[in-house]
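**Student:** Take a look at the following structure, please.
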Amino acid sequence: MLFQDVRATTCDFRSWPKHLKRAGGKAVETVRIRWSDHALGRMRLRAIEPLWVERVVAEPELVEADLNHPGRLRAFARVPECGGRVLRVVYEPLQDGAEALIITALLDRGRTRNWRTSG
């Protein structure tokens, strides 16, 4: 997927985290992904593919609340295409989970190191 094509995409993930599965009290099967300019710029700089980001949000190994920014979540998962390094994606669920705004994405060295040593 080319970066100029990722301003907004719709993903058909049936395994989204619970906080992204409800819109207006109804289960949603597709979630619209919106990309901030900051996220796109950082992804380009860091050679992070949009598909990896979508996969981490859809199937995280860990999700944490962002304590510095209420309403934002941090999703973490290993990316096989990067030698198993951990990708951290910061995003905001929008419209009762029908959309997710990607704020930024980065390969998390500390988390990768901790996960490799802990097994």
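**Student:** Given (1) surrounded by fewer than 12 Cβ atoms within 10 Å (Cβ to Cβ); (2) closer than 19 Å to Asp96 by Cα; (3) over 15 Å from the mean Cα position of the chain (by Cα), identify the lone condition not met by His69.
**Tutor:** (1)
Listed here are the residues, each with its yes/no results for (1) at pLDDT 75 or above; (2) farther than 29 Å from Arg116 by Cβ.
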position: His19; (1), (2): no, no
position: Gly24; (1), (2): no, yes
position: Arg32; (1), (2): yes, yes
position: Asp37; (1), (2): yes, yes
position: Glu49; (1), (2): yes, no
position: Glu54; (1), (2): yes, no
position: Gly71; (1), (2): yes, yes
position: Val86; (1), (2): yes, no
position: Ile103; (1), (2): yes, no
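**Student:** To continue, here is another question. Name the residues in the range 76-100 that are surrounded by 17 or more Cβ atoms within 10 Å (Cβ to Cβ) and in contact (Cβ under 8 Å) with a residue 40 or more places away in the chain, would you?
**Tutor:** Pro93, Gly97, Ala98, Glu99, Ala100
**Student:** Are any residues in the range 42-72 in a helix (DSSP H, G or I) and basic (Lys, Arg), and if so, which ones? It would help to see each step written out before you state the result.
**Tutor:** The initial filter retains those residues of the range 42-72 that are in a helix (DSSP H, G or I), namely 42-46, 50-58.
Answer for the range 42-72, where residues must be in a helix (DSSP H, G or I) and basic (Lys, Arg): Arg42, Arg44, Arg46, Arg55.
The values are calculated or read from the model by the stated rules, or taken from the named source; none is laboratory data. Note that the coordinates shown come from a computational prediction; the quantities given were computed from them, not determined experimentally. Please note: Cβ atoms are built from the backbone with ideal geometry, for glycine as well, and neighbour counts cover all protein chains shown.
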